[in-house]
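Taken together, the values in this text are just the output of simple stated rules run on the coordinates, not laboratory data. These figures come from a predicted structure and were not determined experimentally. Don't worry about glycine lacking a Cβ; one is built from the backbone with ideal geometry, like all the others, and counts go over all protein chains shown.
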Amino acid sequence: MSSLSPYPLTSRRCGALKGDVTPPGDKSISHRAVMLGGVAEGVTTVRGLLEGEDVLCTVAALRELGAEIHKDANNIWQIKGTGLENLRPPSKALDMGNSGTAARLLIGLLAGRPFTSSFTGDASLCKRPMGRVITPLEQMGATFKSTEGKMPLSVTGAAQPKAISYRLPVASAQVKSAILLAGLSVDGKTTVIESVPTRDHSENMLRCFGASIAIEKLADGAEAISVTGNPRLVAQNIVVPADPSSAAFPLVAALLRPDSHVMLRNVDINPRRAGLIDTLIEMGAKITLTDQRQEGGEPVADILAEGSALKGITVPSERAPSMIDEYPVLAVAAACAEGTTRMKGLGELRVKESDRLSLMAEGLKLCGVKVEIDGDDLIVHGTGKPPAGGATIETAMDHRIAMSFLVLGCAAEQPIRIDDGSFIATSFPDFVSLMNGIGAAIS
């Protein structure tokens, strides 16, 4: 659970943003690097690991399960893995803090091990649905104890977990990953079928560590992703690229301030994470990708963002999996754009760290923006000018809500205050200093 005391932050309108910065390491890749390094044979090194609270919860959990993990004098993380067969039962509940990714993926990994593990988290995480991972993992033989499918919970792995083929009812990289990680302990092939592609960091990293991953296109257009059980996972040297979800905040802030010129270095541009960039370019954003390259199995680029006049568009629902975490800051961009932006198919936002759909709508209204929710669609009516601002926003312990409204404060006519900035540390510990370093006024 978070040990940070709540503290409010205020963001005031600033001038042009300028600078050359590297956003923090990708959170999704950091979680997976620690988990797979922790169960691989040998010593895995990780450069660029995100040292936010979410990932540090994963580090603490893998230590409790037997991995030896430390950071050396050069800020390189060294992970001496146990080997999958040698994971030890935890002696206490694994505290996942605010991280749904850490919780769901570790539940999957341990659902294949023949001992009992208990999980807990902060007040926000304990409200989030875990039934979506419990259902397929029970089919594999794991047993669960929980209250209404939420944390705290315990999982007892099957002595002989079963291979399954499971079609995801909702597009979710976390559920897909949980099943694939459980499949590491299965005799045979475990398959996940997804109708809508989701981020593929788990597949990329499992392959990197030596697992056999097969991907097949089905007749209906879906993809079947399979992992062959009982692989020999071998330690790797991992370089974590910058997180596109974190880069989104200085990127959008730069677009909203005239004459801004901000370079964001080493950002992951995996096509299954690049929906925000595609959307902003459609809205008229001046975004340039340079020095495109491959690092650690992921496509990476430097991204230049310049002050832009944005136009409202309709964002199709099929784009949601590639930018699900970026909709709050996209809504901020839409609030400053000219015309109406309709973001379709955002039901998944209701079950993130908070009900992000409702929180964004309520917060934007307080800032003077005309907003509607139509089913699972968020509709933002921009005037082409920054909104009035002048509001205090309740963040509901949600780091992305907090950062999004601080970005809006960079452009709004009156300062915007958030009730609590402490949870920003879960994903972007240096957010305020990075933003102020390029010209923002957050205090």
Charge dipole (debye, nearest 20) of the chain; +1 at Cβ of Lys and Arg, -1 at Cβ of Asp and Glu: 380 debye
Helix axis angle, 244-256 relative to the chain longest principal axis, alpha carbon, degrees: 0 degrees
Cα gyration tensor category, rounded, prolate or oblate, for segment 27-239 with a/c compared to 1.5: rounded
Modelled FRET efficiency - R0 22 Å, S433 with K71, Cβ distances, 0.05 increments: 0.60
Mean-position separation - Cα centroids, segment 339-359 and segment 164-243, in angstrom: 27 Å
Stretchable slack from Q78 to R63, in nm (0.36 nm times residue separation minus alpha-carbon distance): 4.2 nm
Within a Gaussian network of the chain (alpha carbon springs, distance under 10 Å), most fluctuating of K176, K286, K71: K71
Size of charge dipole - segment 267-322 - debye, nearest 20, with Cβ of Lys, Arg +1 and Asp, Glu -1, no other charges: 200 debye
Projected label distance in nm at A224 and Q139, using a 7 Å step from Cα toward the beta-carbon: 1.3 nm
Extreme residue, positive dipole direction of the chain, given options V262, L330, G121 (C-beta unit charges): G121
Spin-label pair K385/R232, simplified geometry with 7 Å Cα→Cβ offset, distance in nm: 6.9 nm
Gaussian network model of the chain, Cα within-10 Å springs - most flexible of G108, G275, G409: G275
GNM top mover of D26, D187, D398 - the chain, alpha-carbon springs below 10 Å: D187
The chain: relative contact order as a whole-number percent, Cα under 8 Å and 6+ apart: 20 percent
Listed pairs K127/K311; K92/K189; K27/K189 exceeding 30 Å between Cα atoms: K127/K311; K92/K189
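Rounded to the nearest 0.05, what FRET efficiency is calculated for E216 and Q292 with R0 set to 25 Å and r the Cβ-Cβ distance?
It comes out at approximately 0.35.
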Gyration tensor verdict on segment 386-443 (Cα atoms; rounded if a/c is under 1.5, prolate if a/b is larger than b/c, oblate otherwise): oblate
Crossing angle, helix 53-64 versus the chain [Cα axis fit, 0-90 degrees, rounded to tens]: 10 degrees
Between 0 and 90°, nearest 10: helix 399-409 axis offset from the chain longest Cα axis: 10 degrees
About the Cα centre, charge dipole magnitude for segment 27-239 (Lys/Arg +1, Asp/Glu -1 at Cβ), debye: 140 debye
Of all DSSP beta bridges in segment 27-239, antiparallel share, percent nearest 5: 75 percent
Amide H within-cut-off set for T340, under 5 Å, with H built and near neighbours excluded: G312, G382
Beta bridge orientation in the chain: antiparallel %, DSSP, nearest 5: 75 percent
Euclidean distance between Cα centres, segment 51-91 to segment 385-443, Å: 32 Å
Overall form of segment 281-372 per C-alpha gyration tensor (a/c, 1.5; a/b vs b/c): oblate
